[in-house]
1. Does region 22-32 contain any residue that is surrounded by 14 or more Cβ atoms within 10 Å (Cβ to Cβ) and free of Cβ contacts under 8 Å to residues at least 60 places away in the same chain?
2. Scan region 216-230 and give yes if some residue there is among the acidic types (Asp, Glu) and either more than 25 Å from HIS57 (Cβ to Cβ) or crowded, with 21+ Cβ neighbours inside 10 Å (or both), otherwise no.
3. So MET184 passes all but one of these: (1) modelled with pLDDT of 95 or more; (2) out of contact with any Asp or Glu (no Cβ under 7 Å at 6 or more places or on another chain); (3) buried (at least 20 other Cβ atoms within 10 Å of the Cβ). Which condition number does it fail?
4. Can you pull out every residue in region 187-215 that is among the hydrophobic types (A, V, I, L, M, F, W, C), within 16 Å of the chain's Cα centre (by Cα) and buried (at least 20 other Cβ atoms within 10 Å of the Cβ)?
5. With more than 16 Å from the chain's Cα centre (by Cα), closer than 23 Å to VAL36 by Cα and surrounded by 18 or more Cβ atoms within 10 Å (Cβ to Cβ) as the only criterion, which of THR119, THR142, THR153, THR107 stands out?
6. Looking only at region 64-86, how many residues end up being out of contact with any Pro (no Cβ under 6 Å at 6 or more places or on another chain) and touching a residue at least 24 places away in the same chain (Cβ under 8 Å)?
7. Could you please find all residues in region 214-258 being of a type in the set (A, V, I, L, M, F, W, C), within 15 Å of LEU141 (Cα to Cα) and not in a loop (DSSP other than H, G, I, E, B)?
Amino acid sequence: MRLTPTNTIWMNGEFVPWEEARVHVLTPSLHYGWGVYEGIRAYATADGPAVFRLREHLKRLLDSAHVYLMDPGHTLDRLTEASLELLRRTGLESGYLRPIVYLDYGTMGITPDLDSVRTSIAAWAWGSYLGEKAEQEGCRLTVSSWQRNGANTLPPLAKSTGACVNSSLAKVAALRAGYDDALMLTPSGHVAEASAANLFVVRDGVLHTPPVSDYILPGITRDTIITIARDQGLTVEERSLTRSEIYVADEAFLTGTALELVPVASVDDRPLASAGCGPVTKQLREAFQDVVHGRDERYRGWLSYVR
């Protein structure tokens, strides 16, 4: 989706105009992909805009930076306040936050200068990630020929810029073949995740989702859905899944900050039994929307209110 500029971006402790938020073309993060980032959503609520699980996202940003030997130079509290102040200044009632930790211009070579770390946070309005048709009728997935990065190739628990090329290759191939997204397999043939989302499968009323050991990014939306589902009395099993299990599932859906919760209509041209948004998917999607918009008091602690 195209970016809609706002009035300001937070860069290294200062607010600068959107059009002046620039880095040099020779920054090592551009050339070698050494950087980490997060995607965070803010929602309109009856009490004004609120960011969903802001501190959990920023904690993961700091953890990712730690894996890549980067010190952002800002505490969790400082990044939290900077994010909320950014939303105040932009005036967004809902939107998407993108914190990124990267390397500044000054050196070049495959060995990065880890003393040149910089941190920025941008925010903009962002709507449906896969499109309204996929949200309403379910998305069409294909199993990618590109494997998910293994644990000893790139650290899958860290959300890094360079690692996203793996997902982008799968996504572009899926789109060019006429699908909405791709499922990626582990080297052992288990289903890991979609290009930028976690996967859930429903069979006989039980939710199944790949475990962290299958090289997934442990998504915050994934954790949210697991919590909500268990609170509603549903059984959730974190276990390895084969592609054929997805073919014969009653329902399936994807979760992620950008796409939220989107039902799956088919995989490799095999319609699922629900052929779209089944009853369990519908139940959880409605519950999720109540949570992020502040309509469920039980989960109010997950919201950081801007005002």
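1. Yes: region 22-32 contains one or more residues that are surrounded by 14 or more Cβ atoms within 10 Å (Cβ to Cβ) and free of Cβ contacts under 8 Å to residues at least 60 places away in the same chain.
2. no
3. So MET184 meets the others, but not (2).
4. Within region 187-215, ALA192, ALA194, ALA196, ALA197, LEU199, PHE200 meet the criteria.
5. After ruling out the rest, the residue left standing is THR119.
6. 15
7. Listed by number, the residues that qualify are ILE246, ALA252, PHE253, LEU254.
The values are calculated or read from the model by the stated rules, or taken from the named source; none is laboratory data. Since the structure is predicted, the reported quantities are computational estimates derived from the model, not experimental observations. Ideal geometry is used to build each Cβ from the backbone, glycine not excepted, and the neighbour counts take in all protein chains shown.
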